[in-house]
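First comes the structure, then the notes that go with it.
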Amino acid sequence: MKWAVAPLSNIVRIVGGGTPSKANRDFWSGEIPWVSPKDMVSRDIWETQDHISENAVAESATQLVPAGSVLIVARSGILARFVPIGIARVPVTLNQDMKAFLPATEALDNQFLAYFLESRSTELLARFVKRGATVHSLDMNKLQQLKVPIAPLLEQRRIVEILDQADTLRKRRAEADDKAERILPSLFNKMFGDPATNPKSWEIMKLSDLVIELRYGSSTRCSAEPNGLPVLRIPNILRGEVDLSDLKYAELPAQEANRLLLQYGDLLFVRTNGNRDYVGRCAIFDLDMPYLFASYLIRARLQQDRVDPWYVGAYLRTPSGRQAMSSFIRTTAGQSNISLEGLRQIPIPLAPLTTQRLFRTHTEHLYWLRQEREKRGNSLETTFSSLLHRAFSGDLTAKWRETHMKELLAEMEEQAKHLAARGTHSQLENAALQESLF
């Protein structure tokens with residue numbers, strides 16, 4: 001049995017958006033969700049960061065789209081890495097960087113369409129994204145020609161049912177990860193008290209009193225070719241840990257390399273970034289292999305007989321620690337940075353070293369648990385990707401299709417009428433469709 005095929009433009013109505021005037025407060029005092037790329041962090045869009053009024057809809061370019069609309073980011077820097085796709089679970093409006101796809105035929109299930117687009121994420125990124133200096137955009141004229149397979153509606157819904165079950169497992173894992181990430185801050189407060197009030201009256205020291213040295217990294221040009229030593233950069237500083245998923249390499253003279261070699265327990269700080277929130281983020285180097293670090297990072301080598309690196313790193317990730325650090329972050333020409341002198345001035349509440357090391361033991365166990373969760377999560381993502389591929393190759397529902405052939409053939413006859421009415425098939429495609437019915 002062959003599925004029908006149609007270009008996207010013939011089976012959906014594409015709706016754009018707009019931004020109501022920020023000068024009119026009434027426009028931004030309503031309850032209508034207004035979707036922008038920053039809201040596209042999950043597949044199901046129930047709520048948004050911004051809301052607008054009915055007057056804003058009436059007097060601006062934005063449009064209200066119904067629940068079930070398939071949403072896609074059409075213009076954003078995020079398109080350099082992936083194309084966010086979601087489904088509006090409530091009626092929403094859109095900003096000018098969003099598009100909504102509304103099924104224009106009864107032969108198409110909106111969730112089937114959303115999953116299909118997700119299954120083609122690599123193709124969307126490679127074929128339809130126009131690269132800009134800082135902002136990228138989807139070439140909508142090209143995207144409208146994307147060929148969409150259209151299974152019988154009963155089979156579409158069966159595919160959606162299977163994928164929804166798998167997606168539910170992904171969501172539960174993500175929720176568990178979010179809960180787990182809140183454990184460490186809670187543990188810190190339980191053991192040391194809230195740093196904002198310092199209820200245990202720990203002595204306050206400057207970081208300069210607790211370090212052996214602070215040093216900038218290497219400005220030597222790095223390469224993806226594995227020549228020389230691996231170099232840690234800003235992308236490798238993630239969630240308090242060193243992430244090795246995107247390594248670069250550099251060849252340095254022996255004397256300079258020796259100065260920049262990392263040691264177990266070194267703290268690495270992001271010293272400059274266009275996003276102020278990234279500046280001062282830190283991770284603990286806990287590897288035994290030789291690594292260097294790049295110039296946008298600062299290495300703090302601590303006096304470990306006085307202070308534990310895991311304790312300092314955890315403190316600086318608390319709201320109080322971030323606040324203490326933010327006083328020394330400077331912003332110039334759109335770039336934020338913290339200097340060696342700024343880091344030296346950061347106040348650190350000095351708890352007893354034995355308690356710090358006990359905290360470190362708990363921390364290391366939590367990090368191990370996170371790694372185990374990530375392994376299981378990666379396995380789940382691999383399984384889901386496989387299901388997506390099988391769903392739109394027809395393999396996922398092959399056995400199910402055999403037991404429902406009579407109903408499917410009847411549906412395909414009705415489907416052919418709907419699609420022909422919209423002019424979605426060439427003569428060749430119609431012939432192939434009719435051949436598959438008999």
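Going from the residue with the fewest nearby Cβ atoms within 10 Å to the one with the most, 3, 400, 368 rank 368, 400, 3. Only Cα pairs under 8 Å and 6+ residues apart enter the sum, and on that basis the relative contact order of the range 7-149 stands at 31 percent. In plain terms, the residue of 191, 405, 412 with the fewest other Cβ atoms within 10 Å comes first and the most crowded comes last, giving 405, 191, 412. Model label sites at residue 10 and residue 194, defined 7 Å from Cα along the beta-carbon direction, differ in position by 6.3 nm. Partners of residue 399 within straight-line reach, counting lysines whose Cα lies under 21 Å from its Cα and excluding those fewer than 8 residues away in the same chain: 2.
Nearest 10 degrees, 0 to 90: what angle lies between the long axis of helix 183-192 and the longest principal axis of the chain (Cα atoms)? Relative to the chain, helix 183-192 is tipped by roughly 20 degrees. Put the Cα centre of the range 244-312 next to the Cα centre of the range 105-175 and the gap is 40 Å.
So, R0 is 51 Å and r is the distance between the beta-carbons of residue 2 and residue 341; what FRET efficiency does that work out to, to 0.05? Provide the component values of the computation, followed by the final result.
Working: r = 70 Å, r/R0 = 1.37.
After rounding, the FRET efficiency stands at 0.15.
Annotation for residue 169 and residue 157: the two label points, set 7 Å from Cα along the Cα-Cβ direction, are 2.4 nm apart. Computed extension gain for residue 208 through residue 276, at 0.36 nm per residue and net of the alpha carbon distance, reaches 22.2 nm.
The candidate values were (i) 25, 56, 20, 0; (ii) 25, 62, 13, 0; (iii) 20, 43, 29, 7, 0; the one computed from these coordinates for P(r) over Cα pairs in 20 Å bins from 0, in percent carries the label (iii). Axis of helix 110-119 versus longest Cα principal axis of the chain: the two differ by about 50°, to the nearest ten degrees. The length gained by stretching the chain between residue 44 and residue 389 to full extension, at 0.36 nm per residue less their Cα-Cα distance, is 122.1 nm.
Helix 405-421 axis versus longest C-alpha principal axis of the chain: approximately 90°, rounded to the nearest ten. Arranged from fewest to most other beta-carbon atoms within 10 Å of their beta carbon, 131, 13 become 131, 13. Between residue 201 and residue 374, the C-beta separation translates, for a Förster distance of 35 Å, into a calculated FRET efficiency of about 0.35.
Throughout, read-outs are computed from the coordinates displayed, never taken from laboratory work. Quick caveat, the model's predicted, so the values are computed rather than measured. Methodologically, a virtual Cβ is constructed for each residue, glycine included, from the backbone with ideal geometry; neighbour enumeration extends over all protein chains shown.
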